[in-house]
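Participant: Before anything else, here's the structure in question.
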Amino acid sequence: MIPGKYRSVSGRAANNVNCGLHLVIQTSSLPEKNKVEFKLSKDTSSFPGRLLQHDLERNYSSRQGDHINLVSSSLSSFPILQRSSEEKILYSDRLSLERQKLTVCPIINGEDHLRLLNFQHNFITRIQNISNLQKLISLDLYDNQIEEISGLSTLRCLRVLLLGKNRIKKISNLENLKSLDVLDLHGNQITKIENINHLCELRVLNLARNFLSHVDNLNGLDSLTELNLRHNQITFVRDVDNLPCLQHLFLSFNNISSFDSVSCLADSSSLSDITFDGNPIAQESWYKHTVLQNMMQLRQLDMKRITEEERRMASVLAKKEEEKKRESHKQSLLKEKKRLTINNVARQWDLQQQRVANIATNEDRKDSDSAQDPCQIDGSTLSAFPEETGPLDSGLNNALQGLSVIDTYLVEVDGDTLSLYGSGALESLDRNWSVQTAGMITTVSFTFIEFDEIVHVLPKLKIKFPNSLHLKFKETNLVMLQQFNALAQLRRVDQLTIDPQGNPVVNFTLWKYYVLFRLSHFSMQKINGTEVTQNDMIMAERLFGILAHVASSELPQYRLISILGDARKKQFRYLK
């Protein structure tokens, strides 16, 4: 809106009058009879009520029906404007030279009291010859051919500067116009917002139809209430949240594709009217409720008033979106914590295995005759080793202590799978699991845990999770076939997965056949993901069946049943 003091009581612009000017073009060397006289009758249109709400493509046309004297002198290359005393008195504060085909600004003498000057629709290329008009408050140079802002340094009272539809490439030379209230630069070739931070009284800024690709550098415009940026190439907006009085922001027909690129708008407490129509973002299904949920103070969006129902829906969707984000963030944190914990457990496991290997090496050096086959080492051996065995072990112990500040084990239930990482996770089997959760578990996975430690909790596993059918072992130090015997005490095992990583026993060619023989009473269906066939069972019996005969001759029946399984009870009786 044009400032109130520039408007008449009726709401029309104060310069909406019909002025009389007499235009005479002559040269000093020509006789009086060669003087050319033009009589013009033109009406002055009003200054627009909402100056920049729409791009100011239609500026006011201030026309006068006066006799204008433009005298061309041999002493100057500029025409000299003259008005009669009567005209100066009648229209003392305004002058319109609209559509006069001017290529330069004429010299205006004796008009120091002018407040409104209109040069619309001419061919002026440079602003000049107006430095003496120091009381000027409104200068209209709309639709000319000006390439640079200049010649305004003395116009300290200027409040309205209209330079729309020119050829200006850069905002400059406005340092002394600290009282500027309205600045119209639409329809130029400006690529950057600059050199306006000192305009603390500027209320309206129009930069529509330029070549702007981004919006920033708006600090200092503390009075700005309206900013028009329509029809540019803008992809992101910054600093708008630093405009404490901004109410109307027009961003129609740009290249904004996401709310993140204009996220600063959410931090503006004063914005009440904004437009995004003509941008890629406006085509998205989430567009409207996203804008409303981030800018709850808005009253108008894309020139349409926001209803209470739209606000309510946006609020509901915002709450759902916030809950979704919180849940997503929570899951991300849990995943990251899981990753860090597993990495820590893995490091501790590696340090422990390295410590075992180093101690074993030291023992070998002490007594090479008593060297053991690596396959004979199991988890229980670790407890027999001394706490300190040299500088290297001390360093490893210190590293382990440093890692202890992070979680050293992890218990995870994912669907029907219970995953245990680290020996500390075995303690979870002592918890009071809900009947629903316990009944849902069908797969139990052990990782980074000594198999000999797992053996001690197998009875609890059978009781706590009666429906567990699939056991997985990874990095558990399964090194001997005999270790599989402990699984016989379980109620049922349909599938068994032994990961080669950290389980040397899988390097034995016949390990699967031993498992099938030893756990034949389970009628196992899969081993390491491969279906168990009848031929596999026959081969297992042929390879290891002799063990039943040997065992039956050396052990009492109750030991045979506990070790080899109840399914062979009758067979063992027969063998006895």
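Participant: Treat each spin label as a single point 7 Å out from the Cα along the C-beta direction, and report the MET539 to ASP216 distance in nm.
Facilitator: 6.9 nm
Participant: Please arrange THR533, THR497 by counting, for each residue, the other beta carbons lying within 10 Å of its beta carbon, fewest first. Can you show the working numbers first?
Facilitator: Numbers: THR533 9, THR497 15.
Arranged by neighbour count, lowest to highest, THR533, THR497 become THR533, THR497.
Participant: Let me ask something else. State the antiparallel share, in %, of DSSP beta bridges confined to the range 219-311, rounding to the nearest 5.
Facilitator: Working: 2 of 10 bridges.
The answer is about 20 percent antiparallel.
Participant: Give me the net charge of GLN501's neighbourhood, meaning all other residues with Cβ under 10 Å from the Cβ of GLN501; Lys, Arg count +1, Asp, Glu -1. Mind showing how you got there, number by number?
Facilitator: Working: positive: LYS474; negative: GLU475, ASP499.
Charge balance in the 10 Å sphere: -1.
Participant: Something else about it: Send over the per residue convex hull volume for the range 409-544, Cα only, as a whole number of Å³. Please report the intermediate quantities before stating the final value.
Facilitator: Working: hull volume 13.2 nm³, N = 136.
Measuring per residue, one finds 97 Å³ for the Cα hull of the range 409-544.
Participant: Please compare each pair in LYS165/LYS192; LYS101/LYS192; LYS135/LYS165 to a cut-off of 22 Å on the Cα-Cα distance and tell me which ones are over it. Numbers along the way, then the final one.
Facilitator: Numbers: LYS165/LYS192 17 Å; LYS101/LYS192 31 Å; LYS135/LYS165 25 Å.
Over 22 Å Cα-Cα: LYS101/LYS192; LYS135/LYS165.
Participant: Once you have a ≥ b ≥ c as the square roots of the Cα gyration tensor eigenvalues for the range 81-240, tell me rounded if a/c is under 1.5, and otherwise prolate or oblate according to whether a/b is larger than b/c. Don't jump to the answer; show the numbers that get you there.
Facilitator: Numbers: a/c = 2.50, a/b = 1.73, b/c = 1.44.
It is prolate, given that a/c is not under 1.5 and a/b is the larger ratio.
Participant: Same structure again: For a Förster distance of 41 Å, can you work out the FRET efficiency between the beta-carbons of SER434 and GLU310, rounded to the nearest 0.05? Before the final figure, lay out each step's value.
Facilitator: Numbers: r = 44 Å, r/R0 = 1.08.
According to the calculation, E is roughly 0.40.
Participant: Rounded to the nearest 5, what is the percent of antiparallel bridges among the DSSP beta bridges in the range 409-544?
Facilitator: Numbers: 7 of 23 bridges.
Close to 30 percent.
Participant: Cβ neighbours within 10 Å, averaged per peptide: list 177-186, 337-346, 415-424 in order, most packed at the top. Could the numbers behind the result be given before it?
Facilitator: Values: 177-186: 22.4, 337-346: 16.0, 415-424: 19.1.
Going by the mean number of other Cβ atoms within 10 Å, highest first, we get 177-186, 415-424, 337-346.
Participant: Next up: How many nm is it between the label spots at LYS324 and SER84, if each spot is 7 Å from the Cα in line with the beta carbon?
Facilitator: Here the answer is 7.6 nm between the modelled labels.
Participant: Treat the count of other C-beta atoms within 10 Å as a stand-in for reagent exposure and order LYS512, LYS320, LYS88 from fewest to most.
Facilitator: Details: LYS512 20, LYS320 11, LYS88 16.
Arranged by neighbour count, lowest to highest, LYS512, LYS320, LYS88 become LYS320, LYS88, LYS512.
Rule-based calculations on the coordinates, nothing more; no lab input. Keep in mind it's a predicted model, so treat the numbers as computed, not measured. Positions of Cβ are backbone-derived with ideal geometry, glycine not excepted, and every protein chain shown enters the neighbour counts.
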